[in-house]
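The values are calculated or read from the model by the stated rules, or taken from the named source; none is laboratory data. In this text the structure is predicted, and so the values were computed from the model without any measurement. Glycine gets a Cβ as well: all are built from the backbone with ideal geometry, and neighbour counts include every protein chain shown.
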Amino acid sequence: MTARILVAEDDVKQAGLIRIYLEREGHDVQVVGDGRSALERARGSRPDLIVLDVMMPTVDGLDVTRILRAESDVPILLLTARATEEDMLLGLDLGADDYITKPYSPREFTARVRVLLRRAQGSAAAPAVFRVGDLVIDTARFEVRVAGEPVVLTGKEFAILSMLAEDPGRVFTRVQIIDRVFGFDRTVLQRTVDAHVMNLRKKMGPGEYVETVYGRGYRLSDGAVER
């Protein structure tokens, strides 16, 4: 799969290596060195995937993620030297699709890029609108509404809700959710899924949409569901 990939990395050597890794995979790569340029290039060239270093001048990678996620559902892969769970969750909560810590192997990096591109291609190929009572999930428009009111979700929250909506009533384990939503990242903890589900419930209000099946995982209420 050939894709247009934007890389924002202020370390010239790192940026050069990333370009080499991605061009060997057959991708068309653009490189910028700061967050402001990343925003301008992303808006102008509409890449298929964006690789963002977290620590960049003018505008850092986290702010770029937050701004772009409000405008687009383009897949975002964060690169950072920070390896704590709190840093990872912050990036994911702002809307990043994946998170890789430095140093990393070229094989792991390119594998994660492939996962994100496949996931994005699959989502674009089969858009759907799911309805559960007064809950509406539009996967093509990246929109969720409850009783007609929009609900703003992060990328991971939306991915979890969409996954559950694909098969209402079915129980998905935390491990299954991690495999589907977080892809190649085996460092994600099961309590990370719990945190995202807790945020989902807060944002969606009091309706019993996402149900906990104790000892098993989560499911979407199998009430009247339409596509």
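Quick notes on this one:
- When residues of segment 1-19 are limited to those that are in contact with a Gly (Cβ under 8 Å, 6 or more places away or on another chain) and surrounded by 15 or more Cβ atoms within 10 Å (Cβ to Cβ), the one nearest to Ser37 (Cα to Cα): Ala8
- Condition check for Asp34: of a type in the set (D, E, K, R), in contact with a Pro (Cβ under 9 Å, 6 or more places away or on another chain) and either outside the structural domain of Ala159 (by TED's automatic domain parsing) or surrounded by 16 or more Cβ atoms within 10 Å (Cβ to Cβ) (or both): yes
- Number of positions in segment 30-84 that are hydroxyl-bearing (Ser, Thr, Tyr) and closer than 12 Å to Ala96 by Cβ: 2
- Among the strands (runs of 3 or more DSSP E) confined to segment 1-92, the ones with at least 1 residues that are within 26 Å of Asp138 (Cα to Cα) and at pLDDT 90 or above are located at 4-8, 49-53, 76-80.
- Qualifying residue in segment 37-52 (condition: of a type in the set (S, T, N, Q), surrounded by 14 or more Cβ atoms within 10 Å (Cβ to Cβ), closer than 20 Å to His196 by Cβ and without any contact (Cβ under 8 Å) to a residue 40 or more places away in the chain): no
- Restricting Asp73, Asp93, Asp10 to those that are touching a strand residue (DSSP E or B) at 6+ places or on another chain (Cβ under 8 Å) and either charged (D, E, K, R) or over 30 Å from Val144 (Cα atoms) (or both) reduces the list to Asp10.
- Segment 61-107 - residue that is among the small types (Gly, Ala, Ser) and under 16 Å from Ile5 (Cα atoms) and, of those, surrounded by the fewest Cβ atoms within 10 Å (Cβ to Cβ): Ser72
- The requirement of being touching a helix residue (DSSP H, G or I) at 6+ places or on another chain (Cβ under 6 Å) and surrounded by fewer than 17 Cβ atoms within 10 Å (Cβ to Cβ) is satisfied by Thr58.
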